[in-house]
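Bear in mind these aren't lab numbers, they're just calculated from the coordinates by the rules spelled out. Since we're looking at a predicted model, the values are computed, not measured. With ideal geometry, Cβ positions are generated from the backbone for all residues, glycine too; neighbour counts draw on all protein chains shown.
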Amino acid sequence: MSSLKERLLARVTNDLEAIEAALQDNLTPYLDLVSKTARHILFSGGKRLRPLLMVISARVCNYSGKNDKQFAVIFEYLHAATLLHDDLIDGAPVRRGKPVAHSIFGNSTAVLVGDFLLARALSIAAIAENARIIDTIAKVTEDMSQGEIQQMMNKGRMDITEKEYMQVIENKTAGLIKAACRIGALIADAPDKDIERLSAYGYYVGIAFQMTDDLLDYLADTWDLGKEVGADLKEGKLTLPVIYALKQADTAERNRMIEIISESDFSVADFQLLVDLLQSYGGLSYTRDRADEYVRMAKEELAGFEPSEALETLEMIADYALLRKI
């Protein structure tokens, strides 16, 4: 029996190929340096989850036009822009298993190409001449910026609450995926109730994806993860597995966890000890259960739509949020 990933890819291969072509066709800088930097981040791997969700959401709403792939690239350009900026802010060495853009092209170039990709996304959105589409893109761009600032302010804090963690991932990961699903419905001229259902689906899937990503930081190897294992900790980011375990641990082991977390160049042995403590105090299982809950809520939002292959694909993508490797 084929895996969920294989079955999902069989359904969406043609869409992914069309999205890949649209990413090339709509990237139109006249400077070679801009093109090289943008292509480094855009075509170094990546799941194309966000543009794919926009295309499938439009199909669920019976979209019959020809511009879905063009609008879909908005979300990969926005995502790539945030990665360029985030990697520089975080001082990350690798992204998707390759050196980060700023280490190759320089800090200033990475920032400005990120700005170019943001502007390119807004230019494509304007083609629709639809105020709701433009408003959605503008709002998610604002939210992602503030989410990154909030995450930056939280760095190194050991008292971050689950609520604060949720605020960051709502503004960043979940917000962009929600916007992708929302615009899929908007370009299909779907009724408001369907727009809101797909927006909620995208929000819940986005939360589940981020929680799974945060879980994999402690469970995956570098090849699967596309970044250093433990990278979030080395950057001073406390995610849900750690936040929950710190809250549950006794004083001695809480202090031991804090000691490891506070040392940015912790050893492999210390990292493994931390993983063991996260397991012991339920941080890993709690995060997995929360992600599972959000997937369930995402699929509930799809119940109001007529059955279709596209709808089944959205359900499969929600399930994949829990099972994937990065």
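For this structure, a couple of remarks:
- Gaussian network model of the chain, springs between alpha carbon atoms under 10 Å - residue of Lys234, Lys139, Lys193 with greatest fluctuation: Lys193
- Under 5 Å from the amide H of Val94 lie the amide H atoms of Val100, Glu228, each residue being 5 or more positions distant or on a separate chain, with H modelled from the backbone and absent for Pro and chain starts.
- Applying both filters, DSSP loop and at most 15 other Cβ atoms within 10 Å, to the chymotrypsin sites (Phe, Trp or Tyr not before Pro) of the stretch 27-95 gives Tyr30, Phe43.
- Between the alpha-carbon centres of the stretch 120-159 and the stretch 1-28 there is a gap of 25 Å.
- Taken about its Cα centre, the stretch 4-323 carries a charge dipole of roughly 540 debye when the Cβ of each Lys and Arg holds +1 and the Cβ of each Asp and Glu holds -1.
- Given charges at Cβ of Lys, Arg, Asp, Glu: the chain dipole, positive-most of Phe116, Val168, Tyr244: Phe116
- Calculated FRET value between Glu309 and Glu164, using beta carbons and R₀ = 41 Å, to 0.05: 0.55
- Alpha-carbon Debye profile of the stretch 1-153, log10 I(q)/I(0) at 0.18 Å⁻¹: -1.15
- Helix 107-127 vs. the chain, principal-axis angle (Cα, 0 to 90°, nearest 10): 40
- A cut-off under 14 angstrom between Cβ atoms defines the neighbours of Lys163, and their net charge, with Lys, Arg +1 and Asp, Glu -1, is -1.
- For the chain, the calculated P(r), taken from all Cα-Cα distances in 20 Å bins from zero up to the bin holding the longest distance, is 32, 58, 10, 0 percent.
- Whole-Å distance, taken between Cα centres, linking the stretch 62-119 and the stretch 267-326: 25
- Around the Cα centre of the stretch 147-187, unit charges on the Cβ atoms of Lys, Arg, Asp and Glu (plus for the first two, minus for the last two) sum to a dipole of about 140 debye.
- Within the stretch 251-326, the trypsin sites (Lys or Arg not before Pro) that combine a DSSP coil assignment with at most 16 other C-beta atoms in a 10 angstrom radius are Lys325.
- Helix axis angle, 192-216 relative to the chain longest principal axis, alpha carbon, degrees: 30
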